[in-house]
Amino acid sequence: MSDCLFCKIIGGQIPAKVVHQDEQSLGFLDIAPQAPTHVLFVPKRHITSLNEATVEDRELLGHLMFVAAKYARENGFAEAGYRQVVNCNRDGGQTVFHIHLHLLGGRSLTWPPG
Ligand code: 5GP
Ligand code: ZN
């Protein structure tokens with residue numbers, strides 16, 4: 001999608017610190033990290049939010065969770081723990097309308113979130 005920030009990052013028109021790449025997804029550092037490790041995992045195909053995800057997207061969404069967990073393992077904080085978050089629309093706090101999974105780790109996170 002031409003006016004989507006994350007599609008532009010995927011397309012290389014906007015720079016990002018890419019830490020993971022595969023056929024279906026990209027992982028890059030959040031510009032405003034909320035934890036020592038804060039990576040955003042996005043599908044390369046534009047999906048606006050969880051509300052627009054279809055039954056065909058199930059595997060892709062699971063893939064994001066899987067590669068994020070793998071990233072935590074490979075970077076040494078899986079055992080200590082981490083959080084994966086997908087915000088949806090206004091009440092969920094979504095600000096960029098291309099599905100992304102936040103991976104937060106490296107500190108003790110509180111619950112419930114604000
Ligand atoms: P949301 O609030 O939609 O769940 O998360 C959007 C995330 O994208 C935020 O954590 C925000 O810091 C991050 N973000 C916004 N603009 C940029 C950008 O230009 N580059 C990167 N790397 N992250 C961004
Ligand atoms: Zn997009």
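Read-outs: derived from the displayed coordinates by stated rules, not from any lab. Just so you know, these numbers come straight off a predicted model, no measurement behind them. Backbone-built Cβ (ideal geometry, glycine too); neighbour counts: all protein chains shown.
Could you tell me whether any residue of segment 6-18 is assigned to a strand (DSSP E or B) and among the aliphatic types (A, V, I, L, M)?
Yes, some residue in segment 6-18 is assigned to a strand (DSSP E or B) and among the aliphatic types (A, V, I, L, M).
Here is a list of conditions, (1) within 14 Å of Tyr71 (Cβ to Cβ); (2) within 16 Å of ligand 2 (Cβ to nearest atom), and His38 meets all of them except one; can you say which number that is?
So His38 meets the others, but not (2).
Scan segment 69-89 and tell me whether some residue there is surrounded by fewer than 13 Cβ atoms within 10 Å (Cβ to Cβ), within 16 Å of ligand 2 (Cβ to nearest atom) and closer than 24 Å to Pro112 by Cβ.
Scanning segment 69-89, I find at least one residue that is surrounded by fewer than 13 Cβ atoms within 10 Å (Cβ to Cβ), within 16 Å of ligand 2 (Cβ to nearest atom) and closer than 24 Å to Pro112 by Cβ, so the answer is yes.
I'd like the full set of residues that are more than 10 Å from ligand 1 (Cβ to nearest atom), under 21 Å from Ala72 (Cβ atoms) and either free of Cβ contacts under 8 Å to residues at least 40 places away in the same chain or surrounded by 14 or more Cβ atoms within 10 Å (Cβ to Cβ) (or both), limited to segment 1-22.
Val19, His20, Gln21
(1) more than 14 Å from ligand 2 (Cβ to nearest atom); (2) surrounded by 15 or more Cβ atoms within 10 Å (Cβ to Cβ); (3) not in a helix (DSSP H, G or I): which one isn't true of Gln94, the others all being true?
If we test Gln94 against (1) more than 14 Å from ligand 2 (Cβ to nearest atom); (2) surrounded by 15 or more Cβ atoms within 10 Å (Cβ to Cβ); (3) not in a helix (DSSP H, G or I), just (1) comes out false.
Quick check on my filter: what residues within segment 19-35 are outside any loop (DSSP other than H, G, I, E, B) and out of contact with any Pro (no Cβ under 8 Å at 6 or more places or on another chain)?
Val19, His20, Gln21, Leu26, Gly27, Phe28, Leu29
Starting from segment 43-64, take each residue that is of a type in the set (Ser, Thr, Tyr) and list its partners that are away from ligand 1 (no atom under 14 Å from the Cβ), counting only C-beta distances under 9 angstrom and pairs at least six apart or across chains.
Pairs found: Thr48/Met1.
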